[in-house]
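Report on the structure given below.
The values are calculated or read from the model by the stated rules, or taken from the named source; none is laboratory data. None of these values were measured; they are calculated from a predicted model. Heads up, the Cβs are rebuilt from the backbone with ideal geometry, glycines too, and the neighbour counts pull from every protein chain shown. What goes into the accessible areas is simple: the full protein's heavy atoms, side chains included, and nothing from ligands, DNA or RNA. Shrake-Rupley method; radii C 1.70, N 1.55, O 1.52, S 1.80 Å.
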Amino acid sequence: MESLSHEEAEYCLDAWDFWAREEQCAPEGAWRIWLFLGGRGAGKTCSGAQWIAKGVRDGTVRRAGLIAATYNEARAVMIEGESGLLSVDPSARYESSNRRLIWPSGAIAHVLSAEEPDGIRGFQFDRVWGDEFCKWSAPQAALDMALMALRLGDDPRSLLTTTPRNIPALKKLMAQETTVTTRATTHDNAANLAPGFFAAMRARYGGTRLGRQELDGELIADNDGALWQRRWIEDARVTTAPALTRICVAVDPPASAHGDACGIVVVGRDATGQAYVLDDCTSVRLSPQGWANKVADAFDLYQADGVVAEANQGGDMVKAVLTQAAPDLPVRLVHASRGKQVRAAPFAALYEQGRVHHVGAFPALEDEMCNYDGTGPSPDRMDALVWALADLFRARGTTEPRIRKI
């Protein structure tokens, strides 16, 4: 830094290309649509404003379209917001009566509302920036009109900045060959947010569907062929478990000694018949002794009543490995005589009824539950969960239960 001249230092202080993260800069290549998916506060708006402002400065932007969910949001966020166009380029002037932004060079950006897709008809642009695309009331119709208006200049392009949501228009857009996607999380931009904001949001929403969508910028979609729906899990999620009458550690052993995951899930049941998923201790690429030790540790940590393990993959070996890790471990072997989805269906129904609660968030487990449709890799975590629930609800007649607070 000391080697820089005064002019070079001033340039570095103000130059977006110097400070911007890689995902905030326009990608290379012959794309038509740049889709920037990001969490709240990830720097999406600043990227959009800088993209338009840079185009105005280098002369590639003469007529631009600015589209938001409503006119008010376009003005409040895209133009007058902390990271809006007037902030990144004070030379621009906003004419509220005409709903347009004007630069000294003569470049103009028209403000449009996605609520009125037909209102986009008749305009012609060389650049379009659409903000919070997934929030638009008619996203596909508004996007279609915007793309039809991209007919000026040598290389008309559009940028859509949005926090993702599971809507058909977004999935269709991501599948197009002319779309290039960049991603950013709230954490990536934490240094530019209020102190403690990200930590508070992560503590409250980390790992949940809402957190993964709004903070991590993930597109969380349900598989129509899967037994579970994410909203069932979200609606019943809790932060602590009540007094529990029985706790089970369930094990879905790997099919081989190396490379496969060993599903290990801890679940408890209270006196009213509500179940609580306490932990997902699934191990990946551990030796038999390694995952057996994890099972024993989970049994001790949660003061469990028993261990249930699938015996289809060498039952005697499974029990021997577990009892070698802890000689007094009460292990019950179970055999799978039906398909995974058939075994899981009754317990998916418990989720739908709101009778199974996740104590905290278990993203990997929840992804398996909501994505597995009978195809693809074996859902080791989901299998272990099903065995635990089967054991707990098989044991409903247990007398004189121990009461423990977790």
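State to the nearest 20 debye the size of the charge dipole of the chain about its Cα centre, where the only charges are +1 on K and R beta carbons and -1 on D and E beta carbons. Could you put the intermediate results ahead of the total?
Details: 44 positive and 53 negative charges, 242 e Å.
Charge dipole of the chain: 1160 debye, to the nearest 20.
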Original post:
Of K171/K340; K44/K294; K171/K294; K54/K172; K54/K171, which sit over 32 Å apart, Cα to Cα?
Top reply: K44/K294; K171/K294
**OP:** Apply 1/(1 + (r/R0)^6) to the Cβ-Cβ distance of R151 and R93, taking R0 = 35 Å, and write down the FRET efficiency to the nearest 0.05.
**Re:** 0.85
**OP:** Quick one: what are the phi-derived ³J(HN,Hα) couplings along the stretch 148-156, Karplus 6.51/-1.76/1.60 with θ = phi - 60°, whole Hz, x for glycine and proline?
**Re:** 5, 7, 7, 9, 10, x, 7, 8, x
Original post:
Considering the dipole of the stretch 228-318 built from charges on the beta carbon (Lys and Arg +1, Asp and Glu -1) around the Cα centre, which of N293, P254, I233 is farthest to its positive end?
Top reply: I233
Original post:
Looking at T185, A64, A200, which one has the Cα that reaches farthest to the positive end of the dipole of the chain (charges on Cβ: Lys, Arg +1; Asp, Glu -1)?
Top reply: A200
**OP:** On a C-alpha basis, how far is the centre of the stretch 128-171 from the centre of the stretch 1-27 in Å? Whole number, if you could?
**Re:** 29 Å
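Subtracting the Cα-Cα distance from 0.36 nm times the residue separation, let me have the gained length for M317 to A255 in nm, one decimal.
Length difference between fully extended and current span is 21.1 nm.
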**OP:** Taking 7 Å along the Cα-to-C-beta vector as the label spot, tell me the A243-Q289 distance in nanometres, rounded to one decimal.
**Re:** 4.2 nm
Original post:
Given 25 °C and 0.890 mPa s, how large is the Stokes-Einstein diffusion coefficient of the stretch 5-155 in µm²/s, with Rh as the Kirkwood radius over Cα pairs?
Top reply: 155 µm²/s
Subject >> Gyration tensor (Cα) of the stretch 167-214, equivalent ellipsoid semi-axes in angstrom >> reply: 28, 14, 6
Subject >> Overall form of the stretch 206-255 per C-alpha gyration tensor (a/c, 1.5; a/b vs b/c) >> reply: oblate
Subject >> Descending Cα extents along the principal axes, the stretch 31-83, whole Å >> reply: 30, 23, 19
Original post:
How much mean residue ellipticity at 222 nm does the chain get from its helices, if each DSSP H run of length 4 or more adds -39500 (n - 2.57) and you divide by all residues, to the nearest 500 deg cm²/dmol?
Top reply: -9500 deg cm²/dmol
Subject >> Solvent-accessible area of K54 with every protein chain in place, 1.4 Å probe, in Å² to the nearest 10 >> reply: 90 Å²
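If you count only protein heavy atoms with a 1.4 Å probe, what accessible area per residue comes out for the chain, rounded to a whole Å²?
47 Å²
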**OP:** May I ask for the distance between the Cα centers of the stretch 178-243 and the stretch 47-89, given as a whole number of Å?
**Re:** 28 Å
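Of all accessible surface on the chain at a 1.4 Å probe, what whole percent is carbon and sulfur? Walk me through the numbers before you get to the answer.
On the way: 9530 of 19110 Å².
C and S atoms contribute 50 percent here.
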Original post:
In the chain, with Lys and Arg counted as +1 and Asp and Glu as -1 at Cβ, which of these residues, G360, L160, I79, has the Cα nearest the positive end of the dipole, that is, farthest along it?
Top reply: G360
**OP:** Could you size up the charge dipole of the stretch 1-94 around its Cα centre, putting +1 on the beta carbon of Lys and Arg and -1 on that of Asp and Glu, and report it in debye to the nearest 20?
**Re:** 720 debye
Subject >> Pair F18, R202: separation of 7 Å Cα→Cβ label points (nm) >> reply: 2.9 nm
